[in-house]
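Every number here is computed from the coordinates shown, using simple stated rules; none is lab data. All of these numbers come straight from a predicted model, not from anything done at the bench. Positions of Cβ are generated from backbone atoms using ideal geometry, with glycine treated the same way; all protein chains shown enter the neighbour counts.
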Amino acid sequence: MITFKELESQSYNTKLISNKQLCGTCQKCKNDFVYSQVKKFLKNRLNKPEKIHLWQTCQKCWLKINTCEDKKWIKKNSDAQKISQNTPEQLQKNRDGVRKSWNNKRRKSASDILKEKWKNDEAFAKTALLNLNKQNAKIGFGTGGLKGYYNNIYYDSALELSFIIWCLNKKIKIKRYDFDPVEYIDENEIKRNYYPDFIINNNEIVEIKGSGLWYRKNYKRNLLKIEAAKIKFDSYIIIFDKDETVTRYYKTARKIHNETYKKENH
């Protein structure tokens, strides 16, 4: 048996101590440990002379020092993971796994849970709306979503642009709403004007809305808007983000906007 003090003093013969056991207390986890052979211990540590002050550690702590606490190892491991995780084969495998797991049963369950939360938990709705706004701001498009013109028609979100693309592909006439505003009295007895989003086929009024969080943001006011619009128009339609008319070309819409956004800012 040999101790760390004897090892540090180096007043020993390597051949004589090579098969001896090394005992001590780990300076990291404070647990007592025993190395069965000093030779193996020295082999692991001699190639790390810059960490001689950390030699008195158990095997578990020594591994942590040279991996989790080593900046060079962390960067090397991170770079290797980025390469391996972004290969075409791995990305396709990830997509296939998500598609397989996101079956109709799970989709319906998630939808039902969120509907109940939106219906009964105003705090949840406000938090989710705040996170959505933060995400949009981070992308660089502002909290109001994507804005711009496509085929000379103004859009105020990716959903609206997706709907425009859908209408044009279906040969449906579409333009931005340009009739007189819908007048209504809000919950505070104040007279206000409401402008829907689009007119299709010359006489159908369309309002595009994202998630059900819209209901929770100004629930009473939105109901008043809807009632006033239904009275004013013969055909008034609200389309939400689950409808095929806004989901089918959603990715295309974001791609078109991003390409336009890059051109305008270069």
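Worth pointing out:
- Filter pass, residue 176 being in contact (Cβ under 8 Å) with a residue 60 or more places away in the chain, among the charged types (D, E, K, R) and surrounded by 14 or more Cβ atoms within 10 Å (Cβ to Cβ): no
- Matching residues in the range 243-265 - criterion: being closer than 16 Å to residue 168 by Cα, charged (D, E, K, R) and not in a helix (DSSP H, G or I): 248
- Residue tally, condition under 30 Å from residue 63 (Cα atoms) and hydroxyl-bearing (Ser, Thr, Tyr), over the range 73-109: 3
- Annotation note: Cβ proximity below 8 Å between a residue of the range 61-76 that is closer than 12 Å to residue 28 by Cβ and a residue that is charged (D, E, K, R) (sequence gap 6+ or interchain) occurs for 61/28; 62/45; 64/28; 65/28; 65/51.
- Restricting the range 154-172 to residues that are over 12 Å from residue 206 (Cβ atoms) and surrounded by fewer than 20 Cβ atoms within 10 Å (Cβ to Cβ), the residue that is nearest to the chain's Cα centre (by Cα) is 156.
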